Structures are given as structure tokens and as C-alpha cells.
Amino acid sequence: MSITALEESFRRFAIHGDTRATGRDMNGKNWSKLCKDCGVIDGKSITLTDVDIVFSKVKNKTARTITYSQFKEALAELAGKRFKDKSSEDAAQEVYRMIEGKSPVISGVTKAVASPTVSRLTDTTKFTGSHKERFDETGRGKGKAGRVEMVDKSGYVSGYKHAGSYEKKVSKSPQKPM
């Protein structure tokens, strides 16, 4: 049994965005996406509302999805609205052609904008004052060390070079009897 181009598109849209989908039935969100991506919705004769109404009409009362046969039924219904001057057969074929071989369009995915304003604000080499202390030379944050003043509790003054050598000196010096 060969899969038609229309059925192939149905399956692609049916599994779009749903990891558990089998591709045998399609939910309302993906049905709307298919109609939008394939240009079935033109904003004049067919709107998003029409698409939702047709979906509710063809699906089973308690179901939340439509099967492939219900999908074709829904398309035939929309085709009559979209191509009023054509016979229902020709109109359905016209709509099928719009959908065949199409895949879900992944558009409008948010991307980071690299505007000069933002890059200037986030350039750590231009930071001054206490904010400068929060980043190392490469521009990576120092974490807690950059935010909180770490207190040295070793007992030595900050500039002392031989810190930690006292214990060695005490243990090496032999005790002279008096």
C-alpha cells in the first residue's frame, strides 16, 4: 500500500510538536497549522475560525483528534468554501494540491537580536567600577567570587609573602637546653 503525497503531509503535520503522536490522527492545533502553512486559510473566504468549526464538525463527539478520512472530509468542506466557482470534486483536488508534499513550517522561532545597543551593554570590557570585578579577562563571569567579598581568615596580612610557613619554622628549630 503506497502512501499518497496528501497522506504523507497529513502524517508530517500530525506528529509535529508532539513526541507521542503516531501520525494516524491529528489534533486541532496541528490541523490549524496545516491550514495556515499550506495557504488554505486566505483570510477572506476561509479564516482560522472556519477551520476550527470544520474540525469540530468532522471529529467524533468525544474525540480530540481527527483521522485521515475525517481529515479528507474536512478538506472537502473547506474546498467548497474556498473555490466556490468549481465543482466539489475539482475544489477538493485544488486544496489537496495545496497540501501535498508540504511539511510544517517552523517559523517565528525567537532568535537573539544582535543589535549594537545590546552588544554595547553586554560588553564586559567596557564595564567600570565594582561591576568590572565580576568578570575575568575573557569576559566570563566569576560567579560568587565576583559578587561577594571573600574574607581571608588565614591570619596573615594581605601582602605577606610567606603565608603558611610558620608551622614549618616552629617544627624545624631544635630546642636548646638552658
query = Helix-derived [θ] at 222 nm for the chain: sum -39500 (n - 2.57) over DSSP H runs of at least 4, divide by residue count, nearest 500?
reply = -12500 deg cm²/dmol
note = To the nearest 10 degrees, the tilt of helix 68-82 (Cα long axis) against the first principal axis of the alpha carbons of the chain is 70
With Cα atoms, 0 to 90° folded angle of helix 48-58 axis to the chain main axis = 70
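Under unit Cβ charges (Lys, Arg +1; Asp, Glu -1), what dipole magnitude, rounded to 20 debye, does region 23-178 have relative to its Cα centre?
On the way: 31 positive and 19 negative charges, 238 e Å.
Rounded to the nearest 20 debye, it is 1140 debye.
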ask   = Angle, helix 28-37 long axis vs. longest principal axis of the chain, Cα atoms, 0 to 90°, nearest 10?
value = 80
note = In region 20-127, taking the dipole from +1 charges on Lys and Arg beta carbons and -1 charges on Asp and Glu beta carbons about the Cα centre, the listed residue (63, 125, 93) farthest towards the positive end is 125
key: Hits among lysines - C-alpha to C-alpha of residue 72 under 23 Å, sequence gap 8 or more where chains match   = 29, 33, 36, 44, 57, 59, 61, 81, 84, 86, 102
task = State the answer as a single residue: which of 53, 22, 114 lies farthest towards the positive end of the charge dipole of the chain, with beta carbon charges of +1 for Lys and Arg and -1 for Asp and Glu, about the Cα centre.
result = 114
query = If you compute percent of Cα pairs over 29 Å apart for the structure shown, which of (i) 25; (ii) 54; (iii) 21 do you land on?
reply = (ii)
Distance-filtered residues of region 135-161 - backbone nitrogen under 12 Å, label point 7 angstrom along residue 124 Cα→Cβ = 135-147
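Out of region 49-119, which trypsin sites (Lys or Arg not before Pro) are coil in DSSP terms and have no more than 14 other C-beta atoms within 10 Å? It would help to have the intermediate numbers written out before the result.
On the way: sites: 57, 59, 61, 64, 72, 81, 82, 84, 86, 97, 102, 111; in loops: 59, 61, 64, 84, 86, 102, 111.
Those satisfying the criteria are 61, 64, 84, 86, 111.
Read the figures in this text as sums done on the coordinates, not as results from a lab. Computed from a prediction, not measured in an experiment: that's the story for all the values here. A quick note on method: Cβ atoms are made from the backbone with ideal geometry, for glycine too, and the neighbour counts reach across all protein chains shown.
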